[in-house]
Every structure is written in C-alpha cells, then in structure tokens.
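One structure is given here, and the rest of the page talks about it.
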Amino acid sequence: METVSELRKKFVAGEYTPTEAIEKSFSVIKEKDSDINAFLEVYEDALEQAKAATDRYIKEGDAAPALLGVPFAIKNNILIKGKKATGASKILENYTAVYDATIIKRLKAAGAIFVGATNMDEFAMGGSTENSAFGPTKNPLDTERVPGGSSGGSAAAVAMGAVPAAIGTDTGGSIRQPASFCGLVGFKPTYGAVSRYGLMAMGSSLDQAGPLTNSVADAELIHGVMAGKDEMDATTLESDSYPEVAVKEKMTFGVPRQFLSDGVDEDVLKVFNQHVAELEAAGHKIVDVDLPIFEKGLAAYYIVMPAEVSSNLARYDGIRYGFSAEGDNLLDVYEKSRAEGFGAEVKRRILLGTHVLSSGYYDAYYGKAELVRKKMRAELNEVFKTVDIILTPTAPTPAFKLGEKSDPLAMYRQDIFTVPVNLTGVPALTFPMGSVEREEKTLPIGVQYIAPHGGDSRLFAAGKAIYDAR
Ligand code: GLN
C-alpha cells in the first residue's frame, strides 16, 4: 500500500505527477466503489487542482508544501466550502457547506487535494457504517463484512487503494475501530489538539478529528498539519502547551489484564498476547496495570455522549438547516422534519440523552457518569506515573458481517476499549498487529496504544519504531 511519504518523494523526483495520482484515484473509485460504497460524492474538480499541483512541483520541487498533490478522502461530517455536507443524514441531504472547517483550511494550505466525501454512520453514531441514510459501506477486504464505523467510508477508501490517506472523526472510537477492521493506522489526538470548528458536533467534549493512513509516519505528518490552536475553537491548545511527555527508545507498556477478559474474541486475544510477547522480546518492559473503573467506561459514555447529542442535534429543526417537512403549524413542522429526517439510531440517542438530562434523572445518570469520568482520569494519571503506554486490542472482534449486530447493545460493546480514551481526553493510536482467518478470508486486528494527555508524539515515536520499521 502506497504511503503519503512515498508519493511525495515520487512527486518531487518527477517520477509521478499529482495528475496521475488523482487519475488513479478516480479509476479505482470507478472500478470498485459501486460495490464498496465508500464515497457519497466524488469531486471532479480535483483534476484541475492536480494539474496546478503538477506544475507547481516543476517550479518548486522539494520546497512545495508537504501535502501538495496528495489525494485525500474526507468524512462527510467535515465542512468543505461549496460541497455538500450531509453527515450521511437525510435531514442534511441537500445541505451545502458555506465555509471550510479549520482542518480543511489547513489541509488545503498544505496542498492536499480532496477527491471525495466519504460515507459514515449518520451523524457519526454507530460502529459499522450501516446507519448511513445512503446505504452501508462494505469492507474492501471482505465485502460480506462491515468496514467498522462511524468513519467506515474513510477507512474503506484507503483500504481499497483509492487514496493513501483519509480524514475521520472520533467521538468514541470512530477512527480507531474502522482502522482496525480495515488494516490501517488510525489516530485520535489529545482532546484540544485539533480544532473542531467546522465539524458536525456529536459529543462536543469527546469529538476529535484525525487521519487514517497506511503508516504511522503519515498519520504524524497529517496530524501535524491539522493540529494547533484555533481562535474559532476555544478548547484548542497551543502544541507546545502540553506537559513534557518524554519519548524513549525502550518503554514500559501497561496491560490492563482484568479489562481484557470479558467478551473479547479468543483469536483477538491470541494476536494481542503475541504482540505483547514481541514487545517484550524487543526489550520493552511489560507490566500489568489495574484500571478497575475502566469497566464503567462504556456505561458512562452511553450517558454522556447521548446527553451531548441531544443538545447538539436540537439545531436540526427543519427551519434553519436542510430537510423541512410540510406541516400544519410550526410545531408540526419541527416534529415531522425530525421524525422523517433522522434515522432510528439518531432518534434513540436523542431520546436517551433527553431522558438522562431531564429534571429528576440528571443526578442519577448524567451526574454519576461525569463522576465516573473524573475517577477514570484520576486512575489513568496514577497508572501513567509508572507506565509510558497502555496497551489494549482496538476492538474486541475482527470485522463482523453486515447485519450481524442488529441489537444496539451488541454494537455498543464494540466500543469497550475505545471510549475510555475519549472520556479522559488522552490520545490513542491504532495499527495492525496481526490477523485472523475467518471463512478463508484474512482479517486484520488492530492494537491500541494509549498515552498520557499531550503524549501524541510519544505514540508516533513508538508506532514508527514498532509498526513502520517492521
Ligand atoms: N461507535 C461509537 C458510537 O456509536 C463511536 C462513534 C464515534 O466515535 N463517532 O457512539
């Protein structure tokens, strides 16, 4: 699989041009996407930009911006001025973005070319991309299986070879789980490292955008372009405002054993244990760590997240944005627009969120979940006094079949290892650590590396040494 760095080298050397790269993206999409459905829209104007980028390399060579001419696919909950931004929802089916998200501005300034918008679970709610109003995406490695979600279209776009990199968002695992299911690198930055301005808000205290790539070095490069303080998002931080997190050659990895017992696929556990053994053989130290409160992560997430969802999605009322149903009066318009515009999972979460925030239940649910969140942070800080990186599988199973998880709770269990990371705001990286055989297909399995707050560069250093250098 081609990496961004390899592509860049070829562009600079004049061996290959952005025009050829974009033409190749288009031809892969044409050949494969009628079956995969990774893309909601393909941007034909990418070719014009590619021609300009090709000319620019002739003039500027190595001095050209870092991502000049590199084809990217963008999750459709990220605003690109003048392009449709649907969030894979019927309610925004015909909505066109009127400004660029900050990360889009920064990617454009670095020369990236967007070849299309990718499919996703509606408003990023889900773990399989089956909750899209525009049909599910299939996993390119086995088309009977899901690519994961909610950034499943972005993962499939990279895995099918249409682009070397895609952007996703991660509220509870939506970059990392699809990366794991599609054999990719995925990165969820420290909360506040990347601006959320121009992202469709799901859970504002949890959301971050990040890359899906074929190498850790690419993820680092792209994250570097997108990250940093943004005056349009008050929660963003200066990149040098973090406490120092040392990068070491030999590290101490913490494994939360008690957390790995329940409901984890046996083959996933085998691959995970093998990875731990390899780390030990390479001279790293492995220790067991105790994170008892982490078992409550899933429960806390499925209270905090819907609470924020119910508030964030109040703006889609059939008046200000997108789809508007005919009604007898204003209330009727609101009700019908939301009833017809939202899919079942989105409605479920709005209802749950409204309930946990309602007077009389607030303390019992939302208040308690926030308390759990606080305790998780404290536990994590304690563990990070003695370990450099915490290790878990990224997801408890390999990619599952389309339609297999019709029970919402079974779907939510997918997020067991990823949601504690968003609840505590720390960064996490996933990359393939091995694979399992299922019905004569080889399915990749991802490992998750978690670092302390602001430890993004520690994850990149570890990932490059352990995955890229393999
Ligand atoms: N699968 C999780 C959920 O459904 C995570 C979603 C996300 O990160 N956007 O909420």
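How high is the relative contact order of the chain, given as a whole-number percent (alpha carbon pairs under 8 Å, six or more residues apart)? Mind dumping the intermediate values first?
Details: 1089 pairs, mean separation 80.9, N = 470.
Relative contact order here is 17 percent.
Each part reduced to its alpha carbon centroid, segment 76-143 and segment 338-389 end up 25 Å apart.
Site pair Lys229 and Asn381 shows an inter-label distance of 2.4 nm when each label is modelled 7 Å from Cα along Cα→Cβ. Applying a threshold of 25 Å to the alpha-carbon distances of Lys30/Lys347; Lys90/Lys138; Lys138/Lys405 flags Lys30/Lys347 as lying beyond it. The slack between Thr143 and Glu440, meaning 0.36 nm per residue of separation minus the straight C-alpha distance, is 105.6 nm. Take the Cβ atoms of Leu47 and Asp363, set R0 to 51 Å, and the FRET efficiency comes out at 0.35.
Applying 0.36 nm per residue to the separation of Ala277 and His355 and subtracting their alpha-carbon distance, the gain on full extension is 23.5 nm.
Here segment 215-339 is assigned +1 on the Cβ of each Lys and Arg and -1 on the Cβ of each Asp and Glu. Its dipole about the Cα centre then comes out at about 140 debye.
If a/c stays under 1.5 just call it rounded; otherwise compare a/b with b/c (prolate if a/b is bigger, oblate if not). Do that for segment 18-117, with a ≥ b ≥ c from the square roots of the Cα gyration tensor eigenvalues.
On the way: a/c = 2.72, a/b = 1.43, b/c = 1.91.
Judged from the Cα gyration tensor, segment 18-117 comes out oblate (a/c at least 1.5, b/c at or above a/b).
Among Gly210, Met232, Cys182, whose Cα sits farthest toward the positive end of the charge dipole of segment 174-240 (+1 at Cβ of Lys/Arg, -1 at Cβ of Asp/Glu, about the Cα centre)? About the Cα centre, the residue reaching furthest to the positive side is Cys182. Think of the chain as a dipole: +1 on every Lys or Arg Cβ, -1 on every Asp or Glu Cβ, centred on the Cα centre; then among Leu391, Met251, Ala201, Met251 lies furthest on the positive end.
Between Ser435 and Ile445, the built amide H atoms are under 5 Å apart, and every one of these is 5 or more places off in sequence or on another chain. Where both bridge residues fall in segment 16-149, DSSP classifies roughly 50% of the beta bridges as antiparallel.
Computed from label points 7 Å out along Cα-Cβ, the spacing between Ser205 and Asp290 is 2.7 nm.
Have a look at the DSSP beta bridges in the chain and tell me what percent are antiparallel, nearest 5.
That works out to approximately 70 percent antiparallel.
The charge dipole of the chain, taken about the Cα centre with unit charges on the Cβ atoms of Lys, Arg (+1) and Asp, Glu (-1), comes to about 540 debye, rounded to the nearest 20. Full extension of the chain between Lys464 and Glu238 yields a length gain of 79.0 nm, computed as 0.36 nm times the residue separation minus the alpha carbon distance.
Each Cα pair under 8 Å and six or more residues apart adds its separation to the average, and for segment 177-220 the resulting relative contact order is 46 percent.
Using a ≥ b ≥ c from the Cα gyration tensor of segment 274-406 (square roots of the eigenvalues), is it rounded, prolate or oblate, where a/c under 1.5 gives rounded and otherwise the larger of a/b and b/c decides, a/b for prolate? Here segment 274-406 falls in the prolate category. Considering Cα pairs under 8 angstrom that are at least six residues apart, work out the relative contact order of segment 137-223 and quote it in whole percent. Over segment 137-223, the number comes to 28 percent.
In the chain, helical runs assigned H by DSSP with n ≥ 4 each contribute -39500 (n - 2.57); averaged across all residues and rounded to the nearest 500, the mean residue ellipticity at 222 nm is -11000 deg cm²/dmol.
Seen through its C-alpha gyration tensor, with square-root eigenvalues sorted a ≥ b ≥ c, the chain comes out rounded because a/c lies under 1.5.
Close amide-amide hydrogen proximity is noted between Tyr43 and Gly116, Ala117, each under 5 Å apart and 5 or more residues distant or on a separate chain (H modeled in the peptide plane; Pro and chain starts excluded). A simple spin-label model places the labels of Val98 and Ala13 4.8 nm from each other, with each point 7 Å out along Cα-to-Cβ.
Values in this text are rule-based calculations from the coordinates and carry no lab data. Every value quoted in this text rests on a predicted model; they were computed, and no experiment measured them. Reconstructed Cβ throughout: ideal geometry from the backbone, glycine too, with neighbour counts over all protein chains shown.
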